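Here is the structure we will look at.
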Amino acid sequence: MSSGDSGRLDPIGPIRPSGPIRPRPPRRHLRSRPHLPPYLRLRLPRGTRRARQVFARDTMVAFGGVSAVFQIAGPFVPHSASGAVVGLSVGACLGWGLLRSRPAARVRQVFRRPDMTVVVEAGDVFDQPAHLVVGFCDTFDTLSAGGRVINGDSVQAQLLDRRYGGDVDRLDAELGAALASARPVAREERADKPLGKLDRYPVGTVAVLGTRPRLVFGVAYSRIGNDYVASSGVEDLWRGLGGLWDALRAHAQLERVAMPLVGSGLARLGHLDRDSLLRLILMSFVARSREAAICRELRLVIRPGELESIDMRELAAFLGALASDSER
């Protein structure tokens, strides 16, 4: 390029080789991966960082143990370093890591101070041999009205069907007796709220229903509007949990208590995921238990369909940290 060029490359013709043209070798097609049966496919643990850490840690521990065995027994065992033996050993180590890092369906933590147990598991809360916690709105409505007031899939609707055989009058009578000592904070006009009940009770009010050995603790932790839309916030849930722990301390006689994941349904706590709701409930329970014992065992029963969105391994670590803090 001369000194007068501006740095732009001029177009040139195609470059032709001076020697004879050699034929290009045929392009090799990449071999497709052989189809393996499901039991031979290696699937690494999916999910959280903790699960991957457990997989890596326990797999390396297994490798170390197998290597130590080979070093000791290798000189005395013929063909110990063959490819088949090594392959089987590697597969066994990976399988052990996968087994140790598999997702859990149940978490159980024992506390020493106070002496109690917390269990988080998937299942049906109505099948638990324990006192039952059910969430209500501040009006303690029971009328379904075709799902307009009470959703048919809610725990409250299941309470009416499975504990009271659909007898709403009986449930209302027990609610009226349980709330006789509670004072409403407001009363709606029938013109403003055509369906359901009119008296509004403070968030945190608890109605103790039924008889032993399986009482029902109905706790108001949300407010229902005149448009029949329930709403709740972190402060409402925290206040409701405080009232619940007080009622359990007074009536449960330290017996086992089962409760669903309140706030995960239609109470408009959608800004909190299920992991956060679980931790909020557990922190509230452990904090109040340090003041005075509430029950010997609290079971948080998660619907099987909700289990996929809950990190049980992280939850176990969280419960372990709470237990270790309470022992200090």
**For ALA230, residues with placed amide H under 5 Å, excluding near neighbours** = GLY225
**Fill in**
Counting sequence-distant residues (5 or more places) and residues on other chains, those with an amide H built under 5 Å from that of ALA122 are ILE302
**Message:** Report the gain in length on full extension from ALA177 to SER309: 0.36 nm times residue separation, minus Cα-Cα distance, nm rounded to one decimal.
**Reply:** 43.6 nm
**Request:** Send over a whole-number figure in Å² for the accessible area per residue of region 268-328, probe 1.4 Å.
**Result:** 46 Å²
**Segments 131-138, 288-295, 276-283 sorted - mean Cβ within 10 Å per residue, highest first** = 131-138, 276-283, 288-295
**Request:** Find how much the distance from ALA157 to HIS251 grows on full extension, using 0.36 nm per residue of separation minus their present alpha carbon separation; answer in nm with one decimal.
**Result:** 31.5 nm
**Considering only region 206-306, percent of DSSP beta bridges that pair antiparallel, nearest 5** = 55 percent
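The values are calculated or read from the model by the stated rules, or taken from the named source; none is laboratory data. Only a predicted model underlies this, so the values are computations on that prediction, with no experimental measurement involved. Counting neighbours? That spans all protein chains shown, and the Cβs are built from the backbone with ideal geometry, glycine included. Accessible surface areas use protein heavy atoms only, side chains included; no ligands, DNA or RNA. Shrake-Rupley method; radii C 1.70, N 1.55, O 1.52, S 1.80 Å.
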